[in-house]
Amino acid sequence: MPRFTIIEHTGAEHQVDAEVGQSVMQGAIDAMVPGILADCGGSCSCATCHCYVDETWMSRLPPPESTERDMLECVLEQRETSRLSCQLRVTPAIEGLVIRLPASQV
Ligand code: FES
């Protein structure tokens, strides 16, 4: 199981072990990490799974597809490193990934 780190806006840090093939969002929900609402269940239509990918990881992840890019326009405080965690797949290559959560999900 690949392990990644989620850091809440408060600084609270969570180590998450997730199944390959899951989304990062689902792995976080299963690990009961607060701060991800995932209202649409992962169908890329709510943007309440917004996260910031650590800059060192941006080039190591597949780029967002157009649907994700469109949904990212809806988030508060969008940054260059913004992604939707439901669109990030857990693969062996994400071992060590670090993401941060925004103060709120809208
Ligand atoms: S869970 Fe709804 S867009 Fe990711």
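Of note:
- Cβ pairs under 8 Å, 6+ apart, first in region 20-33 and of a type outside the set (Gly, Ala, Ser), second more than 14 Å from the ligand (Cβ to nearest atom) and assigned to a helix (DSSP H, G or I): 20/92; 24/94
Each row is one residue, and each column tells you yes or no for (1) surrounded by 12 or more Cβ atoms within 10 Å (Cβ to Cβ); (2) at pLDDT 95 or above; (3) of a type in the set (Gly, Ala, Ser).
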{"residue": "3", "(1), (2), (3)": "yes, yes, no"}
{"residue": "7", "(1), (2), (3)": "yes, yes, no"}
{"residue": "14", "(1), (2), (3)": "yes, yes, no"}
{"residue": "17", "(1), (2), (3)": "yes, yes, no"}
{"residue": "23", "(1), (2), (3)": "yes, yes, yes"}
{"residue": "29", "(1), (2), (3)": "yes, yes, no"}
{"residue": "32", "(1), (2), (3)": "no, yes, no"}
{"residue": "35", "(1), (2), (3)": "yes, yes, yes"}
{"residue": "43", "(1), (2), (3)": "no, yes, yes"}
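- Qualifying residue in region 56-73 (condition: within 15 Å of the ligand (Cβ to nearest atom), surrounded by 14 or more Cβ atoms within 10 Å (Cβ to Cβ) and in contact (Cβ under 8 Å) with a residue 40 or more places away in the chain): no
- Whichever residue in region 41-55 is touching a residue at least 40 places away in the same chain (Cβ under 8 Å) and of a type outside the set (Gly, Ala, Ser) and, among such residues, is farthest from the ligand (Cβ to nearest atom): 54
The values are calculated or read from the model by the stated rules, or taken from the named source; none is laboratory data. Nothing here was measured: the structure is a model prediction, and the numbers come from that model. All Cβ positions, glycine included, derive from the backbone under ideal geometry; neighbour counts span all protein chains shown.
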